[in-house]
Amino acid sequence: MNTVDYCTEFVEQIALKNPNETEFIQAVSEVSENILPFIEDHPKYKKFKILERIAEPERVIQFRVTWVDDAGVVQINKGYRVQMNSAIGPYKGGLRFHPTVNLSILKFLAFEQVFKNSLTTLPMGGGKGGSDFDPKGKSDMEIMRFCQAFMTELSKHIGSDTDVPAGDIGVGSREIGYLFGQYRKLRNEFTGVLTGKGLEFGGSLIRPEATGYGLLYFVECMLNENTDTLVDKIVAISGSGNVAQYAAEKAIELGGKVVTLSDSSGYIYDSEGFSKDKLKVIFKIKNENYERISKYIDNFPNAEFYPNEKPWNVPCDIALPCATQNELDIQDAITLHHNGCKLVAEGANMPTTPDAVHYFLANDILYGPGKATNAGGVATSGLEMSQNSIRQNWSREKVDSYLKDIMIKIHDQCKTYGSEPHQRNVNYYKGANIAGFVKVADAMLAQGV
Ligand SMILES: NC(=O)C1=CN([C@@H]2O[C@H](COP(=O)(O)OP(=O)(O)OC[C@H]3O[C@@H](n4cnc5c(N)ncnc54)[C@H](O)[C@@H]3O)[C@@H](O)[C@H]2O)C=CC1
Ligand SMILES: O=C(O)CCC(=O)C(=O)O
């Protein structure tokens, strides 16, 4: 069978085995595009069906979450944990609370996480979980009761050496606190079973900032590779949650001019660029008041709000999608290109549709895939696990310097596997997929079928 037939058959099998799981099939297809030709050149991986095995979760746990809302009404949600691969370490990956959560989305996220965690150079397997619970409009007490009910079930399946969840969309430090409190009560043990914890109870400095900061450290590497820097670059960012906020903060610190942020209601455009003081207002709107991004205009009337639109039609040098999956499509890619965008790096997981990725690669736009560029978050979670294990708290400077070092190492791995003869740009898409695969694949080979 030639490589093209092998690829086609592989993806067909995945689609047959996982019917209607659109996002999961998309994630596996994207990875296999680079891995299957690599496997053809390294038959040991083919013989032992390593990619086929990576694409089948080791375990999927689904459970009922029942809780009582403020009006005394019983509510029922679905809870999940996908334990995808533990060949190189305990399952590790976030929890997402969002009404769109389903098995397809969590399997795609868990699959991506396996490769991402491998790239971090730390010993972490891949997992992901969450619920279709919608935190929007819920009171603090409702959030607490939901988290307690969710952890009552989840606690049976996780542990500091088994599976260590963290935050993702809809799960920040408040939710991690409630989840941790419930685990501690149920198990009567104080252990690093979650990351992203508060500093008072085992959290790590820099973890909140890590995904956004790491993204910008990676962008710096991509630019440096082309003897360029972030200074004076116009940066468009989507999202306004954890990743977007700290991506904006670090981009500004490195000399960039950040002009957009967004949420699911639309985007704001500030042609003067956000300053650190303006960002503080956004942090307050989003992290304390849980309000819409359009509130920014009340404070800065010169800025503009575009309801129900994405920020990709704003002229920029660099685009950083930091909101959610498939938020940047082919039309957005063409618009970005025509407006002069030279670099796209993903803060979110799989925010770029496959046709848009191929458009970037074909048009010499530097493209950094999320599994490499947003790995700083989980890497710093790995550093939190290390600190918990040795009962220490490292300084901000120490964690930040580890984070920077890890992002440089991820960039190096992408270069090793993604440099192509006669190509000016590193193919980070290919490099990240192959580098992430090799470590997990070799561990699986060594451990037997
Ligand atoms: N928090 C972390 O450490 C990491 C997060 N990620 C990914 O980054 C992305 C953002 O996550 P966080 O910032 O943690 O979540 P968050 O809950 O703090 O923020 C999510 C942001 O995305 C926006 N958003 C959600 N759905 C949207 C939609 N349909 N259209 C436009 N905006 C939308 C929300 O309004 C919010 O501003 C997700 O793809 C997540 O999987 C990736 C690596 C690590
Ligand atoms: O820190 C973690 O374990 C979770 C990070 C995460 O969910 C991600 O990288 O997408």
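The values are calculated or read from the model by the stated rules, or taken from the named source; none is laboratory data. Remember, predicted model here, so these are calculated numbers, not experimental data. Here Cβ is always computed from backbone atoms with ideal geometry, including for glycine, and neighbour counts include all displayed protein chains. Side chains included, ligands, DNA and RNA excluded: accessible areas come from the protein's heavy atoms. Shrake-Rupley method; radii C 1.70, N 1.55, O 1.52, S 1.80 Å.
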>> For a quick check of your reading of the model, give me the residue pairs whose first member lies in the stretch 422-449 and is open to solvent by 60 Å² or more (accessible area, probe 1.4 Å), whose second is in a loop (DSSP other than H, G, I, E, B), with beta-carbon atoms closer than 7 Å and at least 6 apart or on different chains.
In response: LYS439/ILE88; GLN447/ALA87; VAL449/PHE48
>> Pairs needed: first member in the stretch 18-36, closer than 16 Å to PRO351 by Cβ and among the charged types (D, E, K, R); second member anywhere, open to solvent by less than 10 Å² (accessible area, probe 1.4 Å) and part of a helix (DSSP H, G or I); C-beta distance under 7 Å; at least 6 residues apart or different chains.
In response: GLU23/SER104; GLU23/ILE105; GLU23/PHE108
>> Restricting to the stretch 236-274, and then to whatever is of a type in the set (S, T, N, Q) and within 15 Å of ligand 1 (Cβ to nearest atom), can you tell me which residue is most open to solvent (accessible area, probe 1.4 Å)?
In response: SER264
> Is it true that some residue in the stretch 300-311 is more than 12 Å from ligand 1 (Cβ to nearest atom), touching an Asp or Glu at 6+ places or on another chain (Cβ under 6 Å) and either open to solvent by 50 Å² or more (accessible area, probe 1.4 Å) or closer than 23 Å to SER264 by Cβ (or both)?
Replying inline: yes
> Looking at SER386, SER401, SER381, which one is surrounded by 14 or more Cβ atoms within 10 Å (Cβ to Cβ), among the polar types (S, T, N, Q), closer than 16 Å to ALA210 by Cα and away from ligand 1 (no atom under 16 Å from the Cβ)?
Replying inline: SER386
> Would the stretch 188-195 turn up any residue that is of a type in the set (Ser, Thr, Tyr) and over 21 Å from GLY89 (Cβ atoms)?
Replying inline: no
> Taking into account only those residues within the stretch 39-68 that are open to solvent by 60 Å² or more (accessible area, probe 1.4 Å) and β-branched (Val, Ile, Thr), which is nearest to ARG81 (Cα to Cα)?
Replying inline: VAL60
> Taking the stretch 338-385, which residues are farther than 19 Å from ILE408 by Cα, in contact (Cβ under 8 Å) with a residue 12 or more places away in the chain and assigned to a helix (DSSP H, G or I)?
Replying inline: PRO354, ASP355, ALA356, VAL357, TYR359, PHE360, LEU361, GLU384, MET385
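Being open to solvent by 10 Å² or more (accessible area, probe 1.4 Å) and either closer than 21 Å to GLY137 by Cβ or within 16 Å of ligand 2 (Cβ to nearest atom) (or both) is the requirement here; does LYS284 meet it?
Judged against the criteria, LYS284 is a match.
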> Among the residues of the stretch 78-115, which ones are within 14 Å of ligand 1 (Cβ to nearest atom), among the small types (Gly, Ala, Ser) and assigned to a strand (DSSP E or B)?
Replying inline: GLY93, GLY94
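One residue is enough: does the stretch 119-133 have a residue meeting the conditions open to solvent by less than 10 Å² (accessible area, probe 1.4 Å), in a strand (DSSP E or B) and within 11 Å of ligand 1 (Cβ to nearest atom)?
There is at least one residue in the stretch 119-133 that is open to solvent by less than 10 Å² (accessible area, probe 1.4 Å), in a strand (DSSP E or B) and within 11 Å of ligand 1 (Cβ to nearest atom).
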> Any idea which of ASN374, ASN425, ASN393 is within 21 Å of TYR246 (Cβ to Cβ) and either at pLDDT below 95 or touching a Gly at 6+ places or on another chain (Cβ under 6 Å) (or both)?
Replying inline: ASN374
> List pairs: first in the stretch 114-133 and within 21 Å of LEU403 (Cβ to Cβ) and among the polar types (S, T, N, Q), second part of a strand (DSSP E or B) and within 14 Å of ligand 1 (Cβ to nearest atom), Cβ under 9 Å, 6+ apart or cross-chain?
Replying inline: ASN117/LYS92; ASN117/GLY93; ASN117/GLY126; SER118/GLY126
>> Restricting to the stretch 134-175, give me the number of residues that are in contact with a Phe, Trp or Tyr (Cβ under 6 Å, 6 or more places away or on another chain), open to solvent by less than 20 Å² (accessible area, probe 1.4 Å) and assigned to a loop (DSSP other than H, G, I, E, B).
In response: 1
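Being open to solvent by 20 Å² or more (accessible area, probe 1.4 Å) and within 15 Å of ligand 1 (Cβ to nearest atom) is the filter; apply it to the stretch 328-344 and report the residue that is nearest to LYS278 (Cα to Cα).
ASP332
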